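Peer 1: The following block contains the structure, expressed as structure tokens.
The values are calculated or read from the model by the stated rules, or taken from the named source; none is laboratory data. Only a predicted model underlies this, so the values are computations on that prediction, with no experimental measurement involved. In this analysis, Cβ positions are derived from the backbone assuming ideal geometry, glycine residues included, and neighbour counts consider all displayed protein chains.
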């Protein structure tokens, strides 16, 4: 009899403890779901401090030697032109020369190929300039038609614009976005008559760079504009706070 009463007491205590632990776990589980998730934005405008300008020139001749000689002459004209514009020799980079054999295809009366007639060689070389004198190189790129007037078959590409202090800028923007998100979370908590608890999670969004005042679309993987000198950078930070 005594043993049965003891077993009943132990069982009762076990039931009470189990109920307490379950209730506490349930309460903590619900509490962990009481969170605020906010997204903050960091945004800044900046001007590129590095420009890359590229162009190409070519020559065609019936013999490879003549084509090389003509291309060498054009390369010297281009180099002299750029040096006279005040560009340091170290900033002028010429690529390796590419060459192609050119053929002219003739057809017979029924439209099938009669023969491929060799017409000569076409040699092409690229030149690139990288400089921190953005405005200066930008102006020279617009004046490059002067090379064509000098007899050089020169093709100019649009300049590309970069920013050398992007890492520092990104850190500053992350701090701005984090502060913005924290302010939003505090405002939401106050308006909901709740207390903002500890930060539970933070995630950084995609870093985007687009041209200022442009209609460029933001990309899921991040945009990186190189065609505009004046740019706008944005980044988002998502914070999740416990609510007490």
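Peer 1: List the number of the failed condition for residue 152; all other conditions in (1) touching a helix residue (DSSP H, G or I) at 6+ places or on another chain (Cβ under 7 Å); (2) outside the structural domain of residue 124 (by TED's automatic domain parsing); (3) buried (at least 18 other Cβ atoms within 10 Å of the Cβ) hold.
Peer 2: The one condition residue 152 does not meet is (2).
Peer 1: Closer than 21 Å to residue 138 by Cα and in a strand (DSSP E or B): which single residue out of 56, 37 fits that description?
Peer 2: Going through 56, 37 in turn, the sole match is 56.
Peer 1: Checking residue 146 against (1) in contact with a helix residue (DSSP H, G or I) (Cβ under 8 Å, 6 or more places away or on another chain); (2) over 30 Å from residue 77 (Cβ atoms), which test does it fail?
Peer 2: (2)
Peer 1: Looking only at residues that are touching a residue at least 60 places away in the same chain (Cβ under 8 Å) and over 33 Å from the mean Cα position of the chain (by Cα) in segment 70-80, which one is surrounded by the most Cβ atoms within 10 Å (Cβ to Cβ)?
Peer 2: Among residues in segment 70-80 that are touching a residue at least 60 places away in the same chain (Cβ under 8 Å) and over 33 Å from the mean Cα position of the chain (by Cα), the one surrounded by the most Cβ atoms within 10 Å (Cβ to Cβ) is 74.
Peer 1: Here's a follow-up. Go through segment 205-216 and report how many residues are closer than 20 Å to residue 180 by Cβ and surrounded by 14 or more Cβ atoms within 10 Å (Cβ to Cβ).
Peer 2: Looking only at that region, the number is 5.
Peer 1: Turning to a different aspect of this structure: Does residue 176 satisfy the condition of being free of Cβ contacts under 8 Å to residues at least 24 places away in the same chain, in the same structural domain as residue 208 (by TED's automatic domain parsing) and either touching a strand residue (DSSP E or B) at 6+ places or on another chain (Cβ under 8 Å) or surrounded by 11 or more Cβ atoms within 10 Å (Cβ to Cβ) (or both)?
Peer 2: no
Peer 1: Same structure, new question: Which one of these is under 30 Å from residue 164 (Cα atoms), out of contact with any helix residue (DSSP H, G or I) (no Cβ under 9 Å at 6 or more places or on another chain) and at pLDDT 95 or above: 48, 95?
Peer 2: Going through 48, 95 in turn, just one is under 30 Å from residue 164 (Cα atoms), out of contact with any helix residue (DSSP H, G or I) (no Cβ under 9 Å at 6 or more places or on another chain) and at pLDDT 95 or above: 95.
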